Amino acid sequence: MIAIEDGDRAGSLARAPISRSVFRRAAEERTALAVHLADAPSASMAAHDIRAALCVPIAREGDRGEVFAMLYADRLGRADDFTTLELEFATAA
C-alpha cells in the first residue's frame, strides 16, 4: 500500500500506479534515481502519465547493504521535473 495525496483522500492508503522500471532499476543498481520521461522514456511512465520519478533504495549498513525499503515519489501530467536538491534531500535520510 502507498500513502497518496489526492484532495479528499490525502494521507489515505490506496494502490497507486508507479514506474516499475524506475523502481526495479534503483533496486538493482542500489542507487538513488531521479528520472524524467523526456530523458528516459519507459512504458510504465508513459502509461500512467508519470512526468518524473524519484526512487531511493534504503539499505542496511554493513558489507551486504541489503535493501529493505524504497522511497518513491512521482509527478504526473505537466508537473516539473525533480531537482538535484530534491534528490539530495531524499537521500539524506
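Quick look at the values:
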{"item": "Of all residues in segment 63-93 being modelled with pLDDT under 80 and open to solvent by less than 70 Å² (accessible area, probe 1.4 Å), the one that is nearest to A32 (Cα to Cα)", "result": "G65"}
{"item": "Check on R60, within 14 Å of the chain's Cα centre (by Cα), more than 13 Å from A32 (Cβ to Cβ) and open to solvent by 50 Å² or more (accessible area, probe 1.4 Å)", "result": "no"}
{"item": "Condition check for R30: surrounded by 15 or more Cβ atoms within 10 Å (Cβ to Cβ), modelled with pLDDT of 85 or more and basic (K, R)", "result": "no"}
{"item": "D49 touching a residue at least 40 places away in the same chain (Cβ under 8 Å), in contact with a strand residue (DSSP E or B) (Cβ under 6 Å, 6 or more places away or on another chain) and of a type in the set (D, E)", "result": "no"}
{"item": "Any hit, segment 43-52, residues being in a loop (DSSP other than H, G, I, E, B) and in contact with a helix residue (DSSP H, G or I) (Cβ under 6 Å, 6 or more places away or on another chain)", "result": "no"}
{"item": "Conditions (1) open to solvent by 90 Å² or more (accessible area, probe 1.4 Å); (2) at pLDDT 85 or above: number failed by L13", "result": "(2)"}
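The values are calculated or read from the model by the stated rules, or taken from the named source; none is laboratory data. None of the values given here were measured: they were computed from a predicted structure. Backbone-built Cβ (ideal geometry, glycine too); neighbour counts: all protein chains shown. All accessible areas refer to the heavy atoms of the entire protein, side chains included, with ligands and DNA or RNA removed. Shrake-Rupley method; radii C 1.70, N 1.55, O 1.52, S 1.80 Å.
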